[in-house]
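The structure appears below as structure tokens.
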Number of protein chains: 2
Amino acid sequence: MKTDIEISQATKLQNINEIAEKLGLNEEQIENYGKYKAKINLPMHTNKNGKLILVTSINPTAAGEGKTTLTIGLGDAFKHINKNCAIALREPSLGPVMGIKGGATGGGYAQVAPMEDINLFFTGDFPAITEAHDTLSALIDNHIHHGNKLNIDPRQVEWKRVVDINDRELRHTIIGLGGRTSGVPREDGFDITVASEIMAVLCLSNDLSDLKQRLGKMLVAYTYDQEPITVADLGVTGALTLLLKDAIKPNLVQTLEHTPAFIHGGPFANIAHGCNSILATKAAINSADYAITEAGFGADLGGEKFLDITTPNIGKHPDAIVIVATIRALKLNGGVNKAELDNENVDALLKGAPNLGRHIQNMKQYGQPVVVAINKFTSDTDNETKALDEYIKAQGVTAVNTDVWSKGGKGAINLANKLVKMCDEEHQFNPLYENNEEVLTKINKVVKKIYGGSKVELSSKAKKQLKYIQKHGWDKMPVCIAKTQYSFTDDAKKLGAPKNFTIHVRELQPRLGAGFIVVMTGKVLTMPGLPTHPAALDMDIDQNGKITGLF
Amino acid sequence: MKTDIEISQATKLQNINEIAEKLGLNEEQIENYGKYKAKINLPMHTNKNGKLILVTSINPTAAGEGKTTLTIGLGDAFKHINKNCAIALREPSLGPVMGIKGGATGGGYAQVAPMEDINLFFTGDFPAITEAHDTLSALIDNHIHHGNKLNIDPRQVEWKRVVDINDRELRHTIIGLGGRTSGVPREDGFDITVASEIMAVLCLSNDLSDLKQRLGKMLVAYTYDQEPITVADLGVTGALTLLLKDAIKPNLVQTLEHTPAFIHGGPFANIAHGCNSILATKAAINSADYAITEAGFGADLGGEKFLDITTPNIGKHPDAIVIVATIRALKLNGGVNKAELDNENVDALLKGAPNLGRHIQNMKQYGQPVVVAINKFTSDTDNETKALDEYIKAQGVTAVNTDVWSKGGKGAINLANKLVKMCDEEHQFNPLYENNEEVLTKINKVVKKIYGGSKVELSSKAKKQLKYIQKHGWDKMPVCIAKTQYSFTDDAKKLGAPKNFTIHVRELQPRLGAGFIVVMTGKVLTMPGLPTHPAALDMDIDQNGKITGLF
């Protein structure tokens, strides 16, 4: 069996100018980055107004759901039914690429390419965000070092540093040691780049002016008098914006079947809003009849945030929602060990199915047409497939079997046909909450209506932060809940569809640039670590530049 | 008077494909990065064997010497005398761009373009080096965290982390705090990216295989038993090489007069060898009749290192050497305050001239033809010009007045004509030392024959390191002396041409990948700080992407 990278390397790609032409973009409207990548010049002058399809999933498991693979294969399927389609996806983060097997470019015959480039530095967006973030860090500490006119409390610098690497060693640090010429000693820490507020800001900005305004508003520290200090206070809004002048332009690549794919931005879906940039989504909508986008992790995280945070910023809600599930993942939710997933087990499947059921009902609440895509694995049995079909039907939605990993676009033709019909249905969008509701009300609505929990408990720190947020009038922003992706609860080990649980809020972080309040729950980390055997150990490149070991 | 960026923005550039054509490179041999930048695919298939001209200078001063500007203007001058020429330069480091006024793209009418891109992320080479460096850091700490099979002593991890930012706050840190799930507590620190050994390795590699072999050799730590640990021992050579697959390709841009310029790599000239990549220099030699390259800082640092470290790696020595000087800088060397540089002062000029004199004699030692370029400033008087001309003549070399800042290539036609003649002269290259000499002998030769000092003093740490280096057979490598750029001595305040001084060696660092021993002297820092008023404060970008405040 060929590996993903072998399949990718064996495919003859079209020149990116040809891909751009399919979208009505000529050579002057794009900037080539080699032969197979381009950035889109802004503003984009195309005049489509395509339908928007959101792909989300059940809670991710170790069994793998293949959501990105499905999104890519679905994009290719539209070509097979003679419909014009563009995909919008997030960019992979290098940290996980080096850490655990798996970039974010799909798999099998449903991939975006060139995967080696997309999974590494691509067009330099993440490095630009890292540099902008850490330049701001250096400017804050430099301000304190040179007299501290703004009266910043070094114990209350909220702006941590970032690297695009899984580096647990940098989670908690002491910096500024070495005497008076080397800064002011203080505690600090590093997050992974995708957790940077700049990543969220970039993904939510509609243009360069919007980006600049948002960057200026970012809260970075408090004074000794508990007054907030922003980027604008430091006078470096222009410099940060300038560092992001190219990063804000969406990137264009193609699938192995030459469907256009905008890949841009990559905020984490637990600690940020978890969707590709709205500029990429808008680019897809404005240049194709069908635009497909994917939200990170399960529908409780990326899906909810797409609908409550991203949708208002795009100014358009999805016309249809796809929930991806696999029989293996649901069996795991039903209590089967990973090692025994190959054995038929209808009971466990039905025991785990309520995880899918809750996601279905959650998405239906928003008033959008919902369909479930069952991503086929060779271990699936007829009995299992039949049982799951019936379960899904009982939830009032349709299940469509897909097999894009081995068949590419052909493996999702039925799903594409179904979606074309769904997108023409009349429907009304029902937001989960209004921004002018109380912060606690907004959190409670997500916890009770989406997670299925019964209670929200704030730490004493979070209670204090809530008062501060209210005092400064920042409470009218949406809430961005940071929670483990593996469970509806804030405990990664509680699979399935638990009930009567409490969500523990440990911190509330106002993100004034992104325009939401991050609600930190449970033990969510903003800097992952590398495993015992990192993927980096198996990577290689020969003298001709041929890469192996990248997934 | 127009600013540099205004002059640059007002110039209509040629498409980079046209520039490549001048060098005999077709569209298949380059990778476009937008319309005005490209990377060169390796290996390069051109068949010129051009003359190599090295541009170096007196010790840099606050008055400014304009060495890069002269290099660029000189490249343009060759066009005016109908000679085919290509320039090879280093890439600017973002840290200084954000810190002190000044990228590294020349000035006035002698600039490389697009300066906004070159001064910011360009084609992503520095971010790739940063990421590769810090990925290695994370992999080292991850190895220690997960059982430490290699028995690495956390107190002896020699591989620090890097950021491409002037961030004094990160010079001395404690990392790995936060309990047993967050790594092993230890001391660490951050250098600026240009100080990374990976930067030196990239600049000295002849191809991807050479790069990989050098990366594998890099020394990163010692075991509890004092055994060296390399990248190859960690098993991550392939992963690091793969992260640099694009960074190793030279970048092509143009001057404002459309002369091809290869801009690639940027090691510091005090703590590393300080020249652009040898792949860029070779690209210029192999595709033009005259190749001009620049060495960082004064001839005592970049010049010496070009001749003793870079030349053997290129396999070709320069056919002529240009030393850039200005009357203002020499007056400053002669004791004039910066505020009084506009006033005529022949005495001070002649008092400072021996700084130039020593650099001339130093370069002549290598056996190459030497010429001095006097970069014109409006404050220069006729008396001063005449006095300096005579001083230089007495040194046995010619002085040529140049004015490329205001005239572009036309301002260096005389210099170009002179160089054409010089390059045809017969000459023999005399290396300063042989690699198989003793380490102390090599250091002494540089100190006595180049710096003009009388003695070398090793700290007790350096003495211990020397023994270790000898024991492991690493003593046959050239020495790369890290010294302040402002003085021939290791004290930045001693200008002019001091005599009878001691050079204090505080540390000897074997850089097995780069292939040299770094000799740390005086107080050289590997992480600069930002000034009280960083350049970042004055930068801006408007809604149309127009940048101001970048120099």
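The values are calculated or read from the model by the stated rules, or taken from the named source; none is laboratory data. Quick caveat, the model's predicted, so the values are computed rather than measured. Every residue, glycine as well, gets a Cβ built from its backbone with ideal geometry; the counts of neighbours run over all protein chains shown. Heads up: the accessible areas ignore ligands, DNA and RNA and are worked out on the full protein's heavy atoms, side chains in. Shrake-Rupley method; radii C 1.70, N 1.55, O 1.52, S 1.80 Å.
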Mind listing whichever residues of region B:277-336 are on the phi > 0 side of the Ramachandran plot and free of Cβ contacts under 8 Å to residues at least 24 places away in the same chain?
B:Gly315
Given (1) in contact with a strand residue (DSSP E or B) (Cβ under 6 Å, 6 or more places away or on another chain); (2) under 23 Å from B:Thr310 (Cβ atoms); (3) not hydrophobic (A, V, I, L, M, F, W, C), index of the condition B:Asp4 fails
(2)
Within region B:139-163, how many residues turn out to be open to solvent by 10 Å² or more (accessible area, probe 1.4 Å) and of a type in the set (D, E, K, R)?
4
What about B:Gly452, is it on the phi > 0 side of the Ramachandran plot and not assigned by TED's automatic domain parsing to the domain that holds B:Leu54?
yes
Which is crowded, with 24+ Cβ neighbours inside 10 Å, closer than 20 Å to A:Asp76 by Cβ, away from chain B (no Cβ under 14 Å) and touching a Gly at 6+ places or on another chain (Cβ under 6 Å), of A:Thr326, A:Thr259?
A:Thr259
Restricting attention to strands (runs of 3 or more DSSP E) lying wholly within region A:17-135, give those where 3 or more residues are of a type outside the set (A, V, I, L, M, F, W, C) and either under 23 Å from the mean Cα position of the chain (by Cα) or surrounded by fewer than 24 Cβ atoms within 10 Å (Cβ to Cβ) (or both).
A:51-57
What are the residue pairs meeting all of these: first residue in region B:529-551, first residue at the interface with another protein chain (Cβ under 7 Å from one of its Cβ atoms) and of a type outside the set (Asp, Glu), second residue in a loop (DSSP other than H, G, I, E, B) and surrounded by fewer than 16 Cβ atoms within 10 Å (Cβ to Cβ), Cβ atoms under 6 Å, and 6 or more apart or on different chains?
B:Thr532/A:His146
Looking at region A:283-310 only, could you name the residues that are among the polar types (S, T, N, Q) and open to solvent by less than 10 Å² (accessible area, probe 1.4 Å)?
A:Ser287, A:Thr293, A:Thr310
By residue number, the members of region A:249-259 that are in a strand (DSSP E or B) and either β-branched (Val, Ile, Thr) or under 19 Å from A:Thr130 (Cβ atoms) (or both) are A:Asn251, A:Val253, A:Thr255
Out of A:Gly75, A:Gly24, sole residue that is closer than 25 Å to A:His317 by Cα, out of contact with any strand residue (DSSP E or B) (no Cβ under 9 Å at 6 or more places or on another chain) and of a type in the set (Gly, Ala, Ser):
A:Gly24
Which strands (runs of 3 or more DSSP E) sit wholly inside region B:165-248 and have at least 2 residues that are within 11 Å of chain A (Cβ to nearest Cβ)?
B:173-175, B:186-188, B:190-192
Given the conditions (1) within 12 Å of another protein chain (Cβ to nearest Cβ); (2) in a strand (DSSP E or B); (3) over 19 Å from the mean Cα position of the chain (by Cα), which single one is not true for A:Val162?
(3)
Please pick out the residue among A:Phe501, A:Phe488 that is closer than 29 Å to A:Arg171 by Cα and of a type outside the set (D, E, K, R).
A:Phe488
For region B:304-312, indicate whether the set of residues that are at pLDDT 95 or above and more than 19 Å from the chain's Cα centre (by Cα) is non-empty.
no
Unmet criterion (only one of (1) open to solvent by 10 Å² or more (accessible area, probe 1.4 Å); (2) touching a residue at least 60 places away in the same chain (Cβ under 8 Å)) for B:Val220:
(1)
Which of (1) farther than 19 Å from A:Gln361 by Cα; (2) part of a loop (DSSP other than H, G, I, E, B) does A:Ala339 not meet, given it meets every other one?
(2)
Yes/no for B:Pro250 being touching a His at 6+ places or on another chain (Cβ under 8 Å), of a type outside the set (Ser, Thr, Tyr) and open to solvent by less than 20 Å² (accessible area, probe 1.4 Å):
yes
Quick check, is B:Gly176 in contact with a Ser or Thr (Cβ under 9 Å, 6 or more places away or on another chain), open to solvent by 10 Å² or more (accessible area, probe 1.4 Å) and touching a residue at least 12 places away in the same chain (Cβ under 8 Å)?
no
Taking into account only those residues within region B:143-159 that are outside any loop (DSSP other than H, G, I, E, B) and over 26 Å from A:Arg186 (Cβ atoms), which is nearest to the other protein chains (Cβ to nearest Cβ)?
B:His143
Listed by first then second residue, the pairs whose first member lies in region B:139-154 and is modelled with pLDDT under 95, whose partner is surrounded by 15 or more Cβ atoms within 10 Å (Cβ to Cβ) and among the aromatic types (Phe, Trp, Tyr), with beta carbons under 7 Å and at least 6 positions apart or on separate chains, are none
Output the number of the condition that B:Leu208 fails; it satisfies all remaining conditions of (1) free of Cβ contacts under 8 Å to residues at least 40 places away in the same chain; (2) open to solvent by 10 Å² or more (accessible area, probe 1.4 Å).
(1)
